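The structure under discussion appears below in the form of structure tokens.
Nothing in this text is a laboratory measurement; each read-out follows from the coordinates by a stated rule. All of these numbers come straight from a predicted model, not from anything done at the bench. In this analysis, Cβ positions are derived from the backbone assuming ideal geometry, glycine residues included, and neighbour counts consider all displayed protein chains.
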Amino acid sequence: MIIVMKKNATKAQIENVIDWVESVGYKTHPSRGIERTIIGAVGDNRGKENLKFAESLSGVEKTMPILKPYKLASREAKEGNTVIRVGNLEIGGSRFIVMAGPCSIESAEQMMESAFIVKKGGADIIRGGAFKPRTSPYSFQGMEEEGLKLLRRAGDQAGMPVITEVLNPSDVDLIEEYTDILQIGARNIQNFALLKRVGKAKKPVLLKRGMMTTIEELLMSAEYILSSGNDDVILCERGIRTFETATRNTLDLSAVPVLKELSHLPVIVDPSHAAGNWKYILPLTRGALAVGADGVIVEVHPEPEKAVSDGFQSLKPERFYVLMEEIRNLEKFMRNETKVPA
Ligand code: PEP
Ligand code: MN
């Protein structure tokens with residue numbers, strides 16, 4: 001249920017409504033918009049009719065049931081879009097955010113060089129995996145804490161935020177010390193213990209769609225994080241499994257406008273894991289921008305042929321610079337700052 005406050009509702013009236021909703025056994029998720037405050041009341045469906053009595057409290061305009069199963073992630077729960085602040089950046093704001101870096105953190109030199117390339121290209125956030133979810137137990141599993149230190153150092157030297165993946169609820173505390181954004185990978189989309197744990201974290205979470213999850217299931221997983229107390233969730237389309245074998249996965253670009261319609265959360269695209277081939281990263285990134293995504297996360301490596309994971313889909317420095325130039329030009333064009341894309 002959502003409780004819509006009147007435009008001129010006072011702080012005391014809002015607090016009074018929050019106290020009342022909590023006193024009848026519901027959790028409150030207030031969202032303070034420019035026009036008005038909306039209070040999401042979530043909890044047991046069985047008693048939700050009682051929440052209608054909120055309409056008799058002062059400052060309340062109306063109550064409305066949220067029909068979607070994902071309550072807090074749904075557009076109805078909030079006025080406008082969620083904009084997530086990371087340092088000086090806004091994810092879900094007007095800038096198309098580019099997160100870039102190697103699949104795995106491999107060594108101090110590789111991480112430093114990657115950060116240099118990513119910064120030189122004009123990206124916004126550095127990525128790098130220290131805990132790797134690998135299909136084979138014999139594949140490289142990541143540098144763990146040593147890798148986290150290298151990633152943090154690279155981010156600090158470049159003056160850029162960093163993102164890295166967490167696989168296990170018991171690693172969240174450690175990883176939070178080093179990273180600015182926590183990534184939940186495709187394979188953990190329905191690891192509910194992990195979702196609830198990052199819901200208690202203080203850092204934003206980038207939640208990747210699983211290779212076999214529907215859009216509704218993705219939003220339900222986001223709901224786990226939101227309902228555990230973390231409002232800062234970024235959704236990520238990274239390709240799904242279909243009958244097609246020409247690409248590693250099938251990038252579902254239609255998920256972007258659909259998610260934008262259903263949810264207020266920022267949406268980014270990962271063309272690297274979707275395509276599995278460096279050749280398609282530029283056209284798919286153009287597509288992501290054109291279709292309304294808030295950004296991309298792409299794999300870049302100083303020497304892709306030597307990468308310990310996902311080398312074939314990683315961009316070499318020169319190709320990354322070309323991508324960045326094109327994307328920034330296309331971004332200007334789309335904002336109508338130029339007439340023709342360069
Ligand atoms: C990754 O980002 O390197 C990764 C493992 O991605 P995904 O979870 O999308 O497969
Ligand atoms: Mn990867």
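Taking Rh as the Kirkwood radius, which is the inverse of the mean 1/r over Cα pairs, what is the Rg/Rh value for segment 1-75? Don't jump to the answer; show the numbers that get you there.
Values: Rg = 11.3 Å, Rh = 12.2 Å.
Rounded to two decimals, Rg/Rh equals 0.92.
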Please give the helix 317-334 orientation as an angle from the longest Cα principal axis of the chain, in degrees from 0 to 90, rounded to the nearest 10.
40 degrees
Residue order, fewest to most beta carbons within 10 Å, for Asp124, Asp156:
Asp156, Asp124
Helix 144-158 versus the longest principal axis of the chain: what is the Cα-based angle in degrees, 0 to 90, to the nearest 10?
90 degrees
As a Kirkwood estimate from alpha-carbon pairs, the chain has a hydrodynamic radius in angstrom of 20.9 Å
Which of the pairs Lys120/Lys208; Lys149/Lys208; Lys71/Lys149; Lys11/Lys52; Lys260/Lys332; Lys68/Lys149 have their Cα atoms more than 30 Å apart in this structure?
Lys71/Lys149; Lys68/Lys149
Based on DSSP, what percent of beta bridges with both residues in the chain are antiparallel, to the nearest 5?
40 percent
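How big is the charge dipole of the chain about its Cα centre, in debye rounded to the nearest 20, if each Lys and Arg gets +1 on its Cβ and each Asp and Glu gets -1 on its Cβ?
Values: 45 positive and 45 negative charges, 135 e Å.
About 640 debye.
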Using a 10 Å cut-off around each Cβ, can you sort Thr213, Thr82 from fewest to most neighbouring Cβ atoms?
Thr213, Thr82
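Can you give the calculated 222 nm mean residue ellipticity of the chain, where each DSSP H run of n ≥ 4 adds -39,500 (n - 2.57) and the sum is split over every residue, rounded to the nearest 500 deg cm²/dmol?
On the way: 10 runs with 110 residues, N = 342.
Only helices count here, giving -9500 deg cm²/dmol.
If you wrap a convex hull around the alpha carbons of segment 158-251, what volume per residue comes out, as a whole number of Å³? Can you show the working numbers first?
Values: hull volume 9.3 nm³, N = 94.
It is 99 Å³ per residue.
What are the equivalent ellipsoid semi-axes of segment 1-151, built from the alpha-carbon gyration tensor (square roots of five times its eigenvalues), in whole angstrom, biggest first? Each step should come with its number before you reach the end.
Details: eigenvalues 406, 77, 30 Å².
Equivalent ellipsoid semi-axes, largest first: 45, 20, 12 Å.
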On a 0 to 90 degree scale, rounded to 10, what angle separates helix 215-227 from the longest Cα axis of the chain?
70 degrees
Taking the number of other C-beta atoms within 10 Å as the exposure measure, put Phe320, Phe53, Phe131, Phe96 in order starting with the fewest.
Phe53, Phe96, Phe131, Phe320
Centre separation in Å (Cα based) which lies between segment 35-56 and segment 71-104:
27 Å
If you count, for each residue, the other Cβ atoms within 10 Å and average over each peptide, how do 84-93, 58-67 line up from highest to lowest?
84-93, 58-67
Sorting check: for 228-235, 136-143, 246-253, which peptide has the highest mean count of neighbouring beta carbons within 10 Å, and how do the rest follow?
228-235, 246-253, 136-143
If we count every other residue with Cβ under 10 angstrom of His29's Cβ, Lys/Arg +1 and Asp/Glu -1, where does the sum land?
+2
